[in-house]
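This report concerns only the one structure given below.
The values are calculated or read from the model by the stated rules, or taken from the named source; none is laboratory data. Being a predicted model, the structure only gives us computed values, none of them experimental. All Cβ positions, glycine included, derive from the backbone under ideal geometry; neighbour counts span all protein chains shown. Side chains are part of the model used for accessible areas, which takes the heavy atoms of the whole protein and leaves out ligands, DNA and RNA. Shrake-Rupley method; radii C 1.70, N 1.55, O 1.52, S 1.80 Å.
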Amino acid sequence: LLYLVTFLSSSPVRHGFVNHSSPLSALCTLAALPRLQPPKSPRMEGVAPAISLLRPRASARSPILLAADSSAARRSTGARGRDMGPRRSVEASPSGAERSTVWKHGNAGTASRRSGITRLPKLGPGVSTKRTGRSKDPVINYDVSHHRAVAAVRLLRTEKGKAFVDLLNETTDDSGENEMGYVERTLGFSTRHLEDRDIRLVTVIVAGTVRWKRYLDYLIMSLCSEEKLFREMEPLLLQILRIGFFEILKLEVPAYAAVDENVRLAKVALRPGAGNMVNAILRKLVSLKETNSLPLPKIEGDDRAQARAISITYSHPVWMVRRWFRYLGKDEALRLMNWNNSDPHFSLRVNTSKGYTRADLVKRLESLQIHYEESIMDEFVHIREGMQAVIQAGLLKEGMCAVQDESAGKKPLKSFSFHFQLSLVVCAVDPQPGETIVDCCAAPGGKTLFMASRLSRQGKIWALDVNKGRLRILKDTAKLHGLDEMIIDVHADLRQYAEDTSAKYDKVLLDAPCSGLGVLSKRADLRWNRQFEDLEELTCLQDELLDSASMLVKPGGILIYSTCSIDPEENENRITAFIERHPEFVPQSVCGYVPAEFVTEEGFYSSRPTKHSMDGAFAARLIQSMH
């Protein structure tokens with residue numbers, strides 16, 4: 001490095017290039033040359049190695065970033081996802097004797113103007129100017145654990161709100177390649193292709209790490225030499241440590257494998273020093289685990305202090321813990337948090353509208369060697385593992401079934417998510433042939449499709465949603481299931497639609513936006529994305545939507561209100577407030593529409609994770625008087 005600085009600073013003209021404003025800008029130019037010979041300078045005699053030896057090898061584990069000034073020459077840590085300085089990656093020639101460089105930052109002209117270069121060297125045929133992530137032949141690193149690299153990058157994107165926690169996903173055939181594009185842009189290299197088993201591992205690691213984030217961070221901070229080290233830790237380094245802690249503590253991955261693979265990832269993706277830090281912290285964790293002396297908080301003191309300690313041990317926000325203590329009691333709250341931290345199970349609904357039966361679905365699952373449990377409802381089958389096998393076998397593309405996914409209602413899927421508890425909500429609606437029904441917040445479409453399948457080709461369903469893109473996907477899915485002729489999509493805000501239309505419907509379903517506190521086991525990141533203040537905003541929105549939905553009900557018609565929350569403020573209290581504003585509506589018991597075990601004393605539908613071993617949900621039937 002000393003040689004390069006001296007050489008570039010003291011040489012007015014080298015290799016036909018004029019002097020640059022800084023040694024670094026000259027280095028940007030000289031680095032593009034196929035080979036550089038050092039000048040013979042008395043001052044550097046005995047110090048300077050050949051410049052070719054300073055070039056990184058083809059197997060170099062870290063990307064090199066070159067920029068026209070020192071402020072732009074930054075090393076990617078993963079926090080920014082992708083540095084804006086020019087990037088150079090190295091590829092080895094077949095013989096290994098010569099190495100060529102690949103510039104991947106804009107085009108040659110703009111790069112030269114930014115760096116102060118007056119003219120560019122003639123690049124050889126092996127030199128590309130394509131941007132990183134778009135090259136057909138990306139730099140592939142076979143040394144690192146590919147699924148851990150993908151998981152680390154996905155965790156970074158999840159924390160920024162630019163990715164979902166669940167599957168990578170199954171919506172496109174090239175989803176694995178897309179994920180590798182993110183890895184290459186963030187880490188500077190790609191890893192080998194993700195297979196089905198790798199995708200499952202990424203899903204488990206990402207969801208589990210997010211779910212246990214508060215607990216893992218407490219332990220990481222406890223094992224750091226000082227709290228400041230944890231607070232100022234690079235985001236990518238923190239994600240790698242979280243993965244290692246989760247694997248050792250929750251997945252029971254052999255300690256030597258978890259330590260070795262995560263240390264290697266830190267060294268390659270960051271720098272050797274980061275790998276040494278990961279090695280020290282993970283080995284300390286292993287030692288504490290083996291002696292059963294992990295530094296966990298003591299549950300003692302007043303209610304507030306106990307809630308803080310429990311929020312760490314069970315990895316939940318403090319406000320949730322305190323709220324559940326108040327509404328459910330301590331023991332019930334602890335059982336609920338255990339449920340939220342458990343692995344979710346999924347529900348498959350057979351598509352009876354295309355002539356399939358549950359026996360057909362069960363036969364296919366058995367042929368795929370997927371363990372299943374038959375539901376109390378004829379159309380449903382429960383599975384805990386084997387989702388990728390179901391997807392790869394084409395059960396969804398054939399339209400045989402719809403599949404449960406942990407991001408239901410948020411991410412558009414070709415194979416729509418379908419909460420089992422929402423099927424009971426549809427039972428509370430009780431769609432009958434010939435009826436007109438409006439689904440006020442229809443996307444992603446699970447309830448809409450199920451109701452349409454119950455109409456026996458007689459009747460219509462208006463699928464209303466404010467998101468046009470999700471409505472389009474809903475319509476495509478309806479076509480896949482052969483139900484598109486029965487569903488009319490309406491792109492509108494319910495509040496404005498109710499004001500503008502004079503249409504009235506036999507039944508109106510409002511599955512209102514809510515906190516989602518009943519589905520935390522399937523949506524691992526939701527607990528961290530909700531704040532106590534959100535509840536007040538949501539209850540105000542729910543009141544507005546209920547008032548608007550009531551305007552669409554014809555005299556004698558039915559209004560069904562539902563949520564996937566277990567909080568009484570979003571459920572029973574909203575119905576009480578609505579009836580006070582609209583005395584023309586009277587609650588009607590759901591008894592006879594859903595199994596008796598789900599009927600409350602007030603006649604509402606309610607499912608509880610700790611009571612029914614399924615997601616939490618709520619529904620109420622309200623009938624409008626004829627006058």
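Yes or no, residue by residue, for (1) in contact with a helix residue (DSSP H, G or I) (Cβ under 7 Å, 6 or more places away or on another chain); (2) farther than 20 Å from V210 by Cα; (3) of a type outside the set (S, T, N, Q); (4) outside the structural domain of R214 (by the TED database):
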residue: I310; (1), (2), (3), (4): yes, no, yes, yes
residue: H316; (1), (2), (3), (4): yes, no, yes, yes
residue: E332; (1), (2), (3), (4): yes, yes, yes, yes
residue: V350; (1), (2), (3), (4): yes, yes, yes, yes
residue: S353; (1), (2), (3), (4): yes, yes, no, yes
residue: Y356; (1), (2), (3), (4): no, yes, yes, yes
residue: L365; (1), (2), (3), (4): no, yes, yes, yes
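Against the definition (touching a residue at least 60 places away in the same chain (Cβ under 8 Å), surrounded by 23 or more Cβ atoms within 10 Å (Cβ to Cβ) and either assigned to a helix (DSSP H, G or I) or of a type in the set (S, T, N, Q) (or both)), how does T186 come out, yes or no? Yes. Entry remark, region 495-535: residues being open to solvent by less than 20 Å² (accessible area, probe 1.4 Å), over 21 Å from R621 (Cα atoms) and of a type outside the set (G, A, S) number 7 in total. Where helices (runs of 4 or more DSSP H) sit wholly within region 500-589, those with at least 3 residues that are of a type in the set (S, T, Y), farther than 30 Å from L155 by Cα and assigned by the TED database to the domain that holds V426 occupy 532-550. The set of residues in region 464-493 that are more than 28 Å from the chain's Cα centre (by Cα) and assigned to a helix (DSSP H, G or I) comprises D484, E485, M486. Of the residues making up region 329-359, those that are in a helix (DSSP H, G or I) and open to solvent by less than 60 Å² (accessible area, probe 1.4 Å) are E332, A333, L334, L336, M337, W339, N340, S353, R358. The residues on offer are D465, D439, and the sole one that is acidic (D, E), farther than 15 Å from G482 by Cβ, modelled with pLDDT of 90 or more and open to solvent by less than 10 Å² (accessible area, probe 1.4 Å) is D439.
Scanning region 385-404 for residues that are within 17 Å of H371 (Cα to Cα), under 23 Å from the mean Cα position of the chain (by Cα) and aliphatic (A, V, I, L, M) turns up M387, A389, V390, I391, V403.
Note on region 466-484: residues that are out of contact with any helix residue (DSSP H, G or I) (no Cβ under 8 Å at 6 or more places or on another chain) and without any contact (Cβ under 8 Å) to a residue 24 or more places away in the chain total 3.
For beta carbons closer than 6 Å, sequence separation of 6+ or different chains, a first residue in region 210-239 that is farther than 19 Å from T313 by Cα and a second that is hydroxyl-bearing (S, T, Y) and assigned to a loop (DSSP other than H, G, I, E, B), the qualifying pairs are E234/T77; L236/T77.
In region 436-450, the residues that are free of Cβ contacts under 8 Å to residues at least 40 places away in the same chain and not assigned by the TED database to the domain that holds V466 form no Cβ pair under 8 Å with any partner that is buried (at least 24 other Cβ atoms within 10 Å of the Cβ) and in a helix (DSSP H, G or I), whether six or more places apart or across chains.
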